[in-house]
Each structure stands twice: as structure tokens, then as C-alpha cells.
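Just below is one structure, and these are the notes that go with it.
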Amino acid sequence: MSSSYDEYSFNRVNILMGSRGQKASEDGQQSLTGAPSGHRATPGDLLDQDASSSSSTPAFMYVLAFFSALGGFLFGYDTGVVSGAMLLLKKEMNLTTLWQEVLVSSTVGAAAIAALSGGFLNGWLGRRICILLASFIFSIGGVILSIAPDKEVLLVGRIVVGLGIGIASMTVPVYIAEVSPPHQRGQLVTINSLFITGGQFIASVVDGAFSYMRHGGWRYMLGLSVVPAVLQFVGFLFLPESPRWLLQKGRSQEARQVLSRIRGDQGVDEEYDHIQASIEEEGKEAGGGGLVIMKILRHGPTRRALVVGCGLQMFQQLSGINTVMYYSATILQMGGVRDVKQAIWLAAATSATNFVFTMLGVWLVERVGRRKLTLGSLFGTGLSLTLLAIGFLLSAQSSPPVTLHPADPQNSTCRLYGSCELCMLDPDCGFCFQENGTRVFDSSCVPVNEASKEHAAWGRCSNQTEEADSPIWAYNYCPTSYSWIILLGLILYLAFFAPGMGPMPWTVNSEIFPLWARSTGNACSAGVNWIFNVLVSLTFLHIAEFLTYYGAFFLYSGLVVLALLFVYGCLPETKGLQLEDIENLFMGPLCTCGASSPNDRRQVHYIRVKGNNYLPSDNEASDVD
Ligand SMILES: O[C@H]1[C@H](O)[C@@H](O)[C@H](O)[C@@H](O)[C@H]1O
């Protein structure tokens, strides 16, 4: 070895799991040549290093995570607030059902497009600028929504907000993952998901609070998002770019400075060298020019990571979270909560449950790891969906019959149905009945008032009063004494989904791609999430119409079984590994049922640690064992 390379040290062991690393040191199979003063560095040493750094995470890391996760908050707030705003908007602006649907789904559609194109922006402009851009877009969107004079401008505002959500949803997890130390990465990225569900919860509280304001309450609901958006924008003016992105762009000085700043007084040389070495290796591996997505597809490990990432996001949505959340108000009505105001507040309780159980995920992710957490969550989610389905089945079987058949001036299809179940599955009809305790009597199936689904088009239920003996109008649900099973299913569902299947797809995706493929990989998987979000919400009512509610929930349970098989087979554990080492988990066949390393022989490689007069070309002399 040349004398100018006087200082060598062990840089990185591809430890795929801590226990394997330990085994290596026991076996003494790998000799770690060149470790200072004759010390043979072992993978165990590395683990120790990780463990020791875990004791002191600089406060600045939490500041970074907080300001980044405001992007998650806005994602949750803007997707959650619209249901409450719509209740007021449809009256004030006389919105047809089509317009209501357009205003809700335009945001999700725009998010899908923005997430897919965000990959390019992310790689080109960097994570920080993309987050600044997203918060700027959120602010503009919030202002447009709060001053919108008509529904067309509202639509523009909703699309603008959707663009912000799309960019934030794919950038924020990547940014947090890239600035976090490995031992805490999972937890910090999962905080972003906590902020998503937190945003949904606050949105439901704001909806509840402003629902009393007959005129213009929706302007506050939609406009309030400007506050966190501006806060994030201002915060990010002072926060640094991801050191990994900087290094990739060749801005090594800045990268080293940022790394020192975010790691506090801990030594950053090893981490810096490791990232640098990986970028060089990745450069060779990614090879040449051309579209990144094509390179991802051609390169086995990244192709497999993409399948895992997109699969997780697809199954997250196919598990029916947004249907369950959206449908919770109706579920609660079935349970006997007849007052609309009360239903709004109870829907807030649903999103609070989702939020609280996401905290459990933040706590568990570094303790049990991503894989076990996702598997456990899916298992419970599947069981809860089955319970929900059974609740709906029992309700359908004991559905109250139609006993009154008033003359129908519209000659609608509603008069043909013999039970509440059949009546409520037709979107044009509702069930009008009287109640004595749990006994239903004097019931009829009549057309719904198109302008306001809260009333029938004509007859007893078209102008109900608050009086105790006035008939009850049930649209979209039937009175049932099995509602407690459905309620229990709903709570269990959220308790199981929120810690695992809610956050893990975002967390895992931020980790599994090598740097060159990270923006594009996350853009694709976030895009898949949004596309399936639209698909599931748009198809739910149709599926329910054809398969009934219990059929729809049995279908979701079946999809969760597929998700379980997929996760069991294909999701490796990424806990505790350096981002740069995670690609190795995808070297072997796609599905190895959790065996973390496809190769039994672990690879150990060394690179030189540079002195002050380091030249980037030094790395070409790296020894790779
Ligand atoms: O991870 C989030 C979270 O679980 C939300 O509650 C849900 O609405 C989103 O669709 C999902 O991506």
C-alpha cells in the first residue's frame, strides 16, 4: 500500500441483521484488515457504535423532523377537512352530488399526478426546495379556498392543494429518512405518519367546531391550513438540504457541513465516507443515462424494491382505511346516533383513535421492527374487517321489513323493496320509520331528496321535526341491534391498522431504494397509494350496491389475506441498517419469506478513510472484499 494512504479503517460491513453480525464476530470468519492498532473491527463494533450514538440524538434532529412532518399534517388536514366542509358547502353553493364528488376526488387525483411527477422535481431541485414548494402551494391553495366566490374557484383551490399533498407525501418521508441516524430513522419517519393522522384528527375537530356556523364556516375549515403551511415554509427557509442529496450532486463541502450540523458533536467522518462510497458504487451500478425508471426496472435489486414498495402502498389502500374512516359517521348512525351534529363529533372520535394508535406505531417501530409490526397489524386488520363484515351480515339478516307502501307520485323503484336492507342499497332511496325502543314500525322506502340527502323527497320524512314521535329518516343505513359488533369492529380495525399498515408503507418506502433511485421509487409508490385511494373510494358504494356492505367488507378481508401473504413473503427487515446497506436485502430472489439475507456469506468491504488532503479519486483505490 502506498504510504500516502497511511490511515485505513474499516468502513462498512454489510450486516443484514444484528444477530448475523454477531455470529460473524463469533465465528471470526471475516478478517478486517487494517483496523487501527491491530484491532480487528467486528460487525459487533459497528452495532455498538450505532447503539452508542443512539443515546444522544441532537435536539436539532427533532426540530427537523417536526418541520418536515408539518407536510404530513397538511396531507392529513386537507384530505380530512373536506367531509365536514362539504356538509355546509353543498347547502350554501347548492352543489349537486356530482360537484361534491368532483371537489373531493379532484384533490386526491391531483395528489396522484403530483406524487408521480414529484420524483423528477425531487432529484432535480432537492428535497428542501420541494418541501418549500409544497408548503408554498399549500398556502396558495388555502387562500384560494378560503376566499372562493363560486364552485369553479373552489375546484381550482382543491386541485392546487392536491398538488401540494402529492409533492409533500413523497418528499417528506425521504427527507426525514435521509437526515436521520439509522437507529432512529424508522421512528422519525413514522412521526410523519403520526402527523398525517393528527392532521385528520384536527380537521375533524375544526369541522365540528365550525359546523355551528351556518354561513361561511367552510371558509375557516378550508382556510386554516394556511397556518401550518406558512409555518413550514418559514421554518424550511432556515433548515438544511439533505446531505445525501448534496453529496449526490457533488456538493461535498456543504454535505459535510450539514452532516456535522445535524449530528451535533458526534463524529461524522465515517457516515460521510460511507455515503460517499455508496454513491460511487451506485453510480457504476445505475450505469449510464436514460430514464431513471427504466434503470430501476432493469436493475434487479431496485426492481424488487419497487415491487415491494408499490405493493405495500397498494395494499394499504386496499385494506379499506379511507372507506372505514369515511363510513364511520354512517356506522355510528346505525348504532343509534341520529343527530347529525353528534355524528360529526363521534367521527372526530374515530380519527382520534386512528391518531392515538399511530403513536403506538412510533413507539413500536424501532422495538419490533417494520416487518413484524406490519404483519401483526395486517393480521389484526383482517380479523377486524371480518368482524365488521359479520356485523353487517347479521344486521342485513335481521333487517326491518317495509310495512307501509304510500302511493308514490314519482313511481320510483323505491316502492319495490320489501326490507330496509334492499332499500338502503339503492342510492336513490331511504328508509322512513318510527321507533319504540329497539322496535321498528310504520316503515316505508321512499325516494331521497336529491338536494339534501337528509330528507325524503316527499311524505312524512320530507320535513321531520325534532319531536320525539316524528319519523326517522335513514339514508345509507338501517337500524339494527347488532350495531355494537360493527362499532367494536371499527375500533379494533383502527387499533390494528394505525400502528402498522398506516405508517409502514411510507416508512419502508423511504428506506428501500438506493440514492439514485430514491426519488423516482418514492414517486411511483406514492403515486400508487393515491391512485388506489381514488379507486377504493370511488368504487366502495358501487361494490356495496352489488355485494352489499357485508360483501364489501368480506372482500376487503380477502384482500388483507393477500396482503399478509405478500408482506410475509416479500418484506425484509430494514431496522437499524444504514440506508446505503438496505439495497443488499434485495439482491436475491424477490420473496425469501423474511430471510434477511439472500446470501449466506455476508460481504465485508473496506474503504480507506481519507485524511485532510482527501481527493474524491482516492476512493477508486477502495478495497472491496
Ligand atoms: O398512512 C395514511 C393514514 O393511514 C391515513 O389515515 C389515510 O387516510 C391515508 O390514506 C394513509 O396513506
What fraction of the Cα pairs in region 404-448, stated in percent, has a spacing above 14 angstrom? 43 percent
I need to check one value: relative contact order of region 57-239, counting alpha carbon pairs closer than 8 Å and at least 6 residues apart, in percent. 43 percent
Taking only the alpha-carbon atoms of region 400-478, the convex hull volume per residue, in cubic angstrom, is 81 Å³
Dividing the surface of the Cα convex hull of region 267-398 by four yields a projected area in nm² of 13.3 nm²
If only Cα atoms are counted, what is the Rg of region 54-115, and what is its Dmax, in Å? 17.7, 58
In terms of modelled amide H atoms, which long-range or inter-chain residues lie less than 5 Å from the amide H of residue 429? 448
Once the Cα gyration tensor of region 174-243 is diagonalised, what are the square roots of 5 times its eigenvalues, in whole Å and ordered largest first, as equivalent ellipsoid semi-axes? 32, 16, 6
J(HN,Hα) series, region 575-587, from Karplus relation 6.51 cos²θ - 1.76 cosθ + 1.60, nearest Hz, glycine and proline x: 4, x, 8, 5, 3, 5, 8, 5, 4, 4, 5, 10, 5
Residues 282, 545 in order from fewest to most other beta-carbon atoms within 10 Å are 545, 282
Based only on other Cβ atoms within 10 Å, what is the fewest-to-most ordering of 303, 127? 303, 127
Mind ordering 432-443, 60-71, 134-145 by average Cβ neighbours within 10 Å, highest first? 134-145, 60-71, 432-443
If you bin the C-alpha pair distances of region 57-239 every 10 Å from 0, what whole percents do you get? 11, 39, 32, 14, 4, 0
So if we plug the beta-carbon distance of residue 488 and residue 59 into 1/(1 + (r/R0)^6) with R0 = 51 Å, what FRET efficiency do we get, rounded to 0.05? 0.75
Quick one: length gained pulling residue 367 to residue 213 fully straight, 0.36 nm per residue minus the C-alpha distance? 50.9 nm
For residue 249 and residue 538, what is the calculated FRET efficiency with R₀ set at 41 Å and r taken between the beta-carbons, to the nearest 0.05? 0.55
Provide 249, 575, 284 in ascending order of the number of other Cβ atoms located within 10 Å of each residue's Cβ, fewest first. 284, 249, 575
Net +/- balance of residues flanking residue 365 in space, Cβ distance below 14 Å, scoring K and R +1, D and E -1: +3
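Each reported figure results from applying straightforward, stated rules to the coordinates on display, with no laboratory input. All figures in this text were calculated on a predicted structure; none of them were measured in a lab. No Cβ is skipped: glycine too gets one built from the backbone with ideal geometry, and neighbour counts run over all protein chains shown.
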